[in-house]
Amino acid sequence: MHASSLDKMTAFREEFLAEKETDSLRILDIGSMNVNGTYRSILNAPNWEYIGADMEAGNGVDLVLKKPYQWSEIPSGSIDILISGQAFEHIEYFWVTMLEIFRVLKPGGICCIIAPAGGYEHKYPVDCWRFYPDGFSAMARFSQLEVLKVQTQWESLDYEDGSDIWMDSILVAQKPVVDFWTTLKMKVKCYIQHRALSLSIK
């Protein structure tokens, strides 16, 4: 995990989780395998449960997902904080992933996604996308999440590891807290979207 990404996740904790230090939170990290670093030490308060999820077993992985776009291992509305860093560029159908993020978050739950807007091709095993603020905002709206923060690091911050090259973008979004009937409509919409889009995924 390069320095730019670690800094942005640290800033997310300071800005959005500082007042939740004593809360009991379930934190889900999608794409958590420790290839060259991890967020685990950043999100390490005593009452926080950190769950690293990925498609393969390995260092940093607590939960191996059987299917990339249908996380049957994770109950709906069970996650307080969902994070994902340097994974979305490798997800072929990231819009379906966004629907699963909506499903598993609790009402009021927050997601933080970090992904590059630049940089060279780096397949793991594929490298499909780059993300700008408008794209991240569209992802959130599509999945019925409310944008709390979205930005891209366009300028150089002189990271010693050269991670300025990635021009990382960050999205922080929240699942709305709404009345029963609105919640039901949102759930039904998410379910229909997921079912329809999944038909095209082999």
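The values are calculated or read from the model by the stated rules, or taken from the named source; none is laboratory data. Just so you know, these numbers come straight off a predicted model, no measurement behind them. Neighbour counts run over all protein chains shown; Cβ positions are idealised from the backbone, glycine included.
Filter the stretch 21-68 down to residues that are part of a strand (DSSP E or B) and not hydrophobic (A, V, I, L, M, F, W, C) and give me whichever is farthest from the chain's Cα centre (by Cα). Lay out the reasoning, then the answer.
Just the residues of the stretch 21-68 that are part of a strand (DSSP E or B), to begin with: 25-30, 48-54, 63-64.
Those still in the list that are not hydrophobic (A, V, I, L, M, F, W, C) too: 26, 29, 49-50, 52, 54.
Details: Arg26: 14, Asp29: 7, Glu49: 16, Tyr50: 14, Gly52: 12, Asp54: 12 Å.
The extreme case among them is Glu49.
Give the residues of the stretch 105-143 that are among the β-branched types (Val, Ile, Thr) and surrounded by 22 or more Cβ atoms within 10 Å (Cβ to Cβ), sorted by residue number. Selection gives Ile110, Ile113, Ile114.
Residue-wise test of (1) among the hydroxyl-bearing types (Ser, Thr, Tyr); (2) closer than 16 Å to His2 by Cα; (3) surrounded by 14 or more Cβ atoms within 10 Å (Cβ to Cβ).
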residue: Lys149; (1), (2), (3): no, no, yes
residue: Tyr159; (1), (2), (3): yes, yes, yes
residue: Asp164; (1), (2), (3): no, yes, yes
residue: Gln174; (1), (2), (3): no, no, yes
residue: Leu197; (1), (2), (3): no, no, yes
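Considering only residues in the stretch 40-64 that are out of contact with any strand residue (DSSP E or B) (no Cβ under 6 Å at 6 or more places or on another chain) and not hydrophobic (A, V, I, L, M, F, W, C), the one that is surrounded by the most Cβ atoms within 10 Å (Cβ to Cβ) turns out to be Asp54.
The criterion of being of a type outside the set (A, V, I, L, M), crowded, with 22+ Cβ neighbours inside 10 Å and under 10 Å from Ile30 (Cα atoms) does not hold for Phe102.
Screening the stretch 140-153 for residues that are hydrophobic (A, V, I, L, M, F, W, C) and in contact (Cβ under 8 Å) with a residue 24 or more places away in the chain and picking the one that is farthest from Leu82 (Cα to Cα) gives Phe142. Is it the case that some residue within the stretch 178-185 is surrounded by 15 or more Cβ atoms within 10 Å (Cβ to Cβ), modelled with pLDDT of 95 or more and either touching a Lys or Arg at 6+ places or on another chain (Cβ under 8 Å) or closer than 16 Å to Ala11 by Cβ (or both)? No.
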